[in-house]
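Read through the structure below, which is laid out as C-alpha cells, and then see the notes.
The values are calculated or read from the model by the stated rules, or taken from the named source; none is laboratory data. Worth saying up front: this structure is predicted, and the values here are computed from it rather than measured. Cβ: placed from backbone, ideal geometry, glycine included. Neighbour counts: every protein chain shown.
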Ligand code: DGL
C-alpha cells in the first residue's frame, strides 16, 4: 500500500495560486502544499538549465514533505523542466511518484473554443521559445494557426504588485496590441502563464468582444480530477483532510500579505531556503 501525502503545487511565485484556487474549489477533499519560489522569480527569462535546476529542487522539497504527486503550476517550468524530470530524475528518485504540468492539459481543450482557428498565446519568454504550445496544439488542434507573444515584464509587474499603476497598465496594453497586430483573426487568447489570470479582467477590457480569454486554473483542476479517476492507486495516495500549507523562499510576511490578496483568505506560510 502506497504512503499517503498532500498534493504538491509548485510555481516560481504567486501565479500558481490561481491554479491552486481552482483545484481546491474543484477537489476540496485533498491536502495540498503550495510552494512558491518567490525569492528566485521570475523564471521566464532564465535559461533551460537554471529553470530545470530550480524546479527539480522544488519538486524534491515537496517529495521530502510527503507528496506523491506534484503539479508544476507554472508554464515555464512545465515547458523547460517537466520532461527531463519525468524521464531522467523520477526513475531514480522514486518511480512511483508523479510530476504533471499545465501545458498538455490546456492544449487538449483549447481548440474547442476557436471558430476562426486562430489561437493567440501569451506567455513568458521561456515558454514561447520552447515552442511547447505550438507543438502540443499540433496534436490536439491540428490545422489551427498558433500565434505567440512573450510578455517578459508581466511576471515582474505582478510579483511586485504594480499591475494597477499607469506604467504597469501601459506595458500590459502594449503587449496585447502587439499580439493582436500579429493576427487579427485570433478569437481565443490563452493566458499561458499562471500569473496572468491575476490581471484577467484588465486583459478582457483590452480585447474585442469576439475574443475569448482563457486561463488555465479550471482546465487543470478538471484534468487533475480525471487523472485521479484514471489512477486509483495515486488517488488513494492523496491524503484527505482538506488542509492547505504554504511554503515560500521569500520572507513569509511578504508572501502571506500578497498570497492572502490573491486567494482572498488568510495565509500563513513557512520559509524554505534553497
Ligand atoms: N507562473 C509562471 C508561468 O506560468 C511564471 C514564470 C516566471 O516566473 O516567469 O510561466
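Among the residues of the stretch 183-196, how many are more than 10 Å from the ligand (Cβ to nearest atom) and outside any loop (DSSP other than H, G, I, E, B)?
Start the filter on the stretch 183-196 by keeping residues that are more than 10 Å from the ligand (Cβ to nearest atom), which leaves 183-190.
When the remaining residues are screened for being outside any loop (DSSP other than H, G, I, E, B), the result is 188-190.
Residues in the stretch 183-196 being more than 10 Å from the ligand (Cβ to nearest atom) and outside any loop (DSSP other than H, G, I, E, B): 3 in total.
Among what's in the stretch 157-173 and is part of a helix (DSSP H, G or I) and within 23 Å of the chain's Cα centre (by Cα), pick the residue that is modelled with the lowest pLDDT.
Quick first cut of the stretch 157-173, residues part of a helix (DSSP H, G or I) only: 157-159, 166-173.
Still in the list and also within 23 Å of the chain's Cα centre (by Cα): 157-159, 168-169, 171-173.
Values: 157: 95, 158: 91, 159: 85, 168: 97, 169: 97, 171: 96, 172: 98, 173: 98.
For the stretch 157-173, the residue satisfying everything is 159.
If residue 222 satisfies every condition in (1) in contact (Cβ under 8 Å) with a residue 40 or more places away in the chain; (2) part of a loop (DSSP other than H, G, I, E, B) but one, which is the exception?
(2)
Looking for something assigned to a loop (DSSP other than H, G, I, E, B), at pLDDT 95 or above, touching a strand residue (DSSP E or B) at 6+ places or on another chain (Cβ under 6 Å) and crowded, with 17+ Cβ neighbours inside 10 Å - is there at least one such residue anywhere in the stretch 85-108?
For the stretch 85-108, residues assigned to a loop (DSSP other than H, G, I, E, B), at pLDDT 95 or above, touching a strand residue (DSSP E or B) at 6+ places or on another chain (Cβ under 6 Å) and crowded, with 17+ Cβ neighbours inside 10 Å: present.
Listed residues 30, 34; which is more than 26 Å from residue 146 (Cβ to Cβ), part of a loop (DSSP other than H, G, I, E, B) and touching a strand residue (DSSP E or B) at 6+ places or on another chain (Cβ under 9 Å)? Before the answer, list the steps.
On the way: 34 fails: part of a loop (DSSP other than H, G, I, E, B).
Result: 30 is the single residue among 30, 34 that is more than 26 Å from residue 146 (Cβ to Cβ), part of a loop (DSSP other than H, G, I, E, B) and touching a strand residue (DSSP E or B) at 6+ places or on another chain (Cβ under 9 Å).
Criterion first (out of contact with any strand residue (DSSP E or B) (no Cβ under 6 Å at 6 or more places or on another chain), within 13 Å of the ligand (Cβ to nearest atom) and modelled with pLDDT of 95 or more) does residue 50 satisfy it?
Details: out of contact with any strand residue (DSSP E or B) (no Cβ under 6 Å at 6 or more places or on another chain): yes; within 13 Å of the ligand (Cβ to nearest atom): yes; modelled with pLDDT of 95 or more: yes.
The answer is yes for residue 50.
How many residues does the stretch 82-102 hold that are within 11 Å of the ligand (Cβ to nearest atom) and either more than 19 Å from residue 43 (Cβ to Cβ) or without any contact (Cβ under 8 Å) to a residue 40 or more places away in the chain (or both)? Even if it seems obvious, please write down each step before you answer.
Narrowing the stretch 82-102 to residues within 11 Å of the ligand (Cβ to nearest atom): 101-102.
If we keep only those that are either more than 19 Å from residue 43 (Cβ to Cβ) or without any contact (Cβ under 8 Å) to a residue 40 or more places away in the chain (or both) too, we end up with 101.
Count: 1.
May I ask you to list the residues in the stretch 109-156 that are within 11 Å of the ligand (Cβ to nearest atom), assigned to a helix (DSSP H, G or I) and within 20 Å of residue 217 (Cβ to Cβ)?
From the stretch 109-156, those within 11 Å of the ligand (Cβ to nearest atom) are 122-128, 130, 132, 150-156; that's our starting set.
Filter once more, keeping what is assigned to a helix (DSSP H, G or I): 125-128, 130, 132, 154-156.
Within the stretch 109-156, 127, 132, 154, 155 qualify.
Looking at (1) surrounded by 18 or more Cβ atoms within 10 Å (Cβ to Cβ); (2) in a helix (DSSP H, G or I), find the lone condition where residue 70 falls short.
Only one criterion in (1) surrounded by 18 or more Cβ atoms within 10 Å (Cβ to Cβ); (2) in a helix (DSSP H, G or I) is unmet by residue 70, namely (2).
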